[in-house]
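Everything on this sheet refers to the single structure shown next.
The values are calculated or read from the model by the stated rules, or taken from the named source; none is laboratory data. These figures come from a predicted structure and were not determined experimentally. Positions of Cβ are backbone-derived with ideal geometry, glycine not excepted, and every protein chain shown enters the neighbour counts. Each accessible area value is taken on the protein alone, full model and side chains, heavy atoms only, with ligands, DNA and RNA left out. Shrake-Rupley method; radii C 1.70, N 1.55, O 1.52, S 1.80 Å.
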Amino acid sequence: YAFIFFILSLATILANKFVRLNEEVEELNVSLEKKVEERTKELNQTLGEVQALKVQQDGDYFLTSLLVEPLQINNNKSDKVNTEFITEQKKKFHFRTYSSQIGGDICVTDTIVLDGREYSVFVNADAMGKSIQGAGGALVFGVVFNAGLIRSKIMKNQKVFPEVWLRERFLDLQNVFLSFEGSMYISICMGLIDTETGFMCYFNAEHPWTILYRDKKASFMEHKSYLKKIGTPEQEDNFFVRIFQLQQGDIIFTGSDGKDDIVIGKSVSGDDVINEDEEEILRRVEEGHGDLSGVKESIQKHGSFMDDFSLLRVTFKDDGEFHAENIHEVTTDPAHEEILKLSKEKKLTIQRVEKLAKEFPDSAEILGILADLYSTAGDFKSSISCLERLFVLSPSSNETIYKMSFAFQMIGKHSEAADWGERLFLREPRHYLNLLNLARVY
């Protein structure tokens, strides 16, 4: 009986505990349901706030993209210099019924007249930061640069050398970006191309190297940067321009680092593998046969973009009447043969070379010799006349610029001498004779 009583007592205790546990569970379920409802309500409220903020953010993105878009324009009107570009920002967004993109890459082209000659302007820039920060930098750049373009189309502002024009645009941008005190920088490649001769002058401020595509081969046009990003303090005195003579059919590419920083695979740990070969883009240009869309497709075939992507293509195509590449190929030039003959006979006089100059008016060699003969004779005005014609034929000749500056100095036209000397200084800061001449002029 005692054992039976013990079992019954134990069963009663367990039953009571089970009942109490069941009641507690029911209370917990009711409480949990209330907590779940409250938490769900809080989450829905937070989600609504996030969605409202997202809509507001996308609205800001949309407004910014509307401001940047008209500043990025392919306004080059030249028949001989063709420009086209692609800009694909990493950040894509939707606002109401609109879809757009936003980022720090920007391209601009235009046509201006400087010192009586027509030039095609091209620029590709990449502002620091992603999405709205980068777009802010692109917006500032677009406003400042386009304002400079507008000023350049006013007649009184057109009497300036292309090298000086590039320095002015650099200083405009540098002064504005300096005001951000390190919170905003922008890399940039900017240049001018003489639409008649294909003479190109440009500068690169810590932008990816400029690419030349010639004879189905791609190569870098520079291998060292002397300028830091725009906005870096105390680099104004380091500014100089690079010069290059384009040949018929030459293609120039300049683009942001988004074309190089592509994801080419996955590591063993699953991390993205980023391209580190700086010459990869050269192979992509060749594979794309110099075509803008073809180059982009070639890049995407070998990897995926992880940053803003922009690529600008410039092509020089002359009309067959002017061939810059033949300027210095004088060995088969009949004018060269005549010069050699007079030189051997020691009859290289002003009168004889003047006669040859009339017979061969487009011979750079004859004009150069005649200019030197005039200078030796002290006739610097006639020398300047020859040098001006020579410079039209060979605008990339730094020696012609130096001789112009020296000749103007010798006839007392110090303002003109300084202008030509400064032009050479922007091309070749360490030209010793030019520095001495400039010192005399000033």
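Calculated accessible area for the chain comes out at 54 Å² per residue, all protein chains present (probe 1.4 Å; ligands, DNA, RNA ignored). Any idea what angle helix 380-393 forms with the longest principal axis of the chain, computed on alpha-carbon atoms, 0 to 90 degrees, nearest 10? With rounding to tens, the tilt is 40 degrees. What is the stretch 130-285 by shape, rounded, prolate or oblate, if you read a ≥ b ≥ c off the alpha carbon gyration tensor as root eigenvalues and call it rounded for a/c under 1.5, prolate for a/b larger than b/c, and oblate otherwise? In terms of gyration-tensor shape, oblate. Of the whole protein surface, HIS94 contributes about 130 Å² of accessible area at a 1.4 Å probe radius. Rounded to the nearest Hz, the phi-derived 3J(HN,Hα) couplings of the stretch 255-264 under the Karplus curve 6.51 cos²θ - 1.76 cosθ + 1.60 (θ = phi - 60°) are x, 6, 6, x, 6, 9, 7, 10, 7, 10, where x marks glycine and proline. For the stretch 387-427, what does the alpha-carbon gyration tensor say about shape, rounded, prolate or oblate, given a ≥ b ≥ c as the root eigenvalues, a/c under 1.5 as rounded, and a/b over b/c as prolate? Note, shape of the stretch 387-427 comes out oblate. A cut-off of 5 Å between modelled amide H atoms, ignoring neighbours fewer than 5 places along the same chain, links GLY103 with ALA135. Residues whose amide H comes within less than 5 Å of that of ASP115, counting only those at least five positions distant or on another chain, are LYS159, VAL160 (H built at 1.01 Å from N in the peptide plane). Relative to the Cα centre, the charge distribution of the chain, modelled as +1 at Lys and Arg Cβ and -1 at Asp and Glu Cβ, gives a dipole magnitude of about 760 debye. Among the listed values (i) 20.9, 71; (ii) 23.8, 69; (iii) 34.3, 150, the one computed from these coordinates for Rg and Dmax of the Cα atoms in Å is (iii). Beta bridges assigned by DSSP with both partners in the stretch 149-299 are antiparallel in approximately 95 percent of cases. Among ALA147, ALA135, ALA127, the largest mean-square fluctuation in a Gaussian network model of the chain, built with springs joining Cα atoms closer than 10 Å, belongs to ALA147. Angle check, please: helix 334-344 long axis (alpha carbons) against the longest principal axis of the chain (alpha carbons), in degrees 0 to 90, nearest 10. Here the helix axis deviates by roughly 50 degrees.
Beta bridges per DSSP, both residues in the chain: antiparallel share near 95 percent. Pairs of Cα atoms under 8 Å, at least six residues apart: use those to get the relative contact order of the chain, whole percent. In percent, rounded to a whole number, it is 13.
Between the alpha-carbon centers of the stretch 257-316 and the stretch 27-83, tell me the distance in whole angstrom. The two parts, judged by their Cα centres, are 29 Å apart. Less than 5 angstrom separates the built amide H of GLU84 from those of ARG313, all sequence-distant by 5 or more or on a different chain. For the chain, the 222 nm mean residue ellipticity estimated from helices alone, with every DSSP H stretch of n ≥ 4 adding -39500 (n - 2.57) and the total spread over all residues, rounds to -16000 deg cm²/dmol.
Entry note, the stretch 77-121: relative contact order of 33 percent, from Cα contacts under 8 Å with a spacing of 6+ residues. For SER99, the accessible surface of its heavy atoms amounts to roughly 90 Å² (probe 1.4 Å, protein chains only, rounded to the nearest 10).
Rounded to the nearest 10 Å², what accessible area does PHE5 have for a 1.4 Å probe in the complete protein model? Counting only protein heavy atoms, PHE5 exposes about 140 Å² to solvent. Relative contact order for the stretch 207-318: 32 percent, from Cα pairs under 8 Å spaced at least 6 residues apart, divided by residue count.
Converting phi to 3J(HN,Hα) with the Karplus coefficients 6.51, -1.76 and 1.60 and the offset θ = phi - 60°, the stretch 18-35 yields 5, 4, 4, 5, 5, 5, 5, 4, 4, 5, 5, 4, 4, 5, 5, 4, 5, 5 Hz in sequence order, with x at every glycine or proline.
Across the stretch 198-211, computed HN-Hα scalar couplings (Karplus, 6.51 cos²θ - 1.76 cosθ + 1.60, θ = phi - 60°) run x, 5, 10, 10, 7, 9, 10, 9, 6, 9, x, 4, 6, 10 Hz from first to last residue, x flagging Gly and Pro.
Computed over protein heavy atoms with a 1.4 Å probe, the carbon and sulfur contribution to the accessible area of the chain reaches 55%. Using a Gaussian network model of the chain in which every pair of alpha carbons under 10 angstrom is joined by a spring, one finds that among ASP277, ASP372, ASP307 the greatest mean-square fluctuation is at ASP277. Springs between Cα atoms under 10 Å define the GNM used for the chain, and in it the highest mean-square fluctuation of ARG430, ARG96, ARG151 occurs at ARG96.
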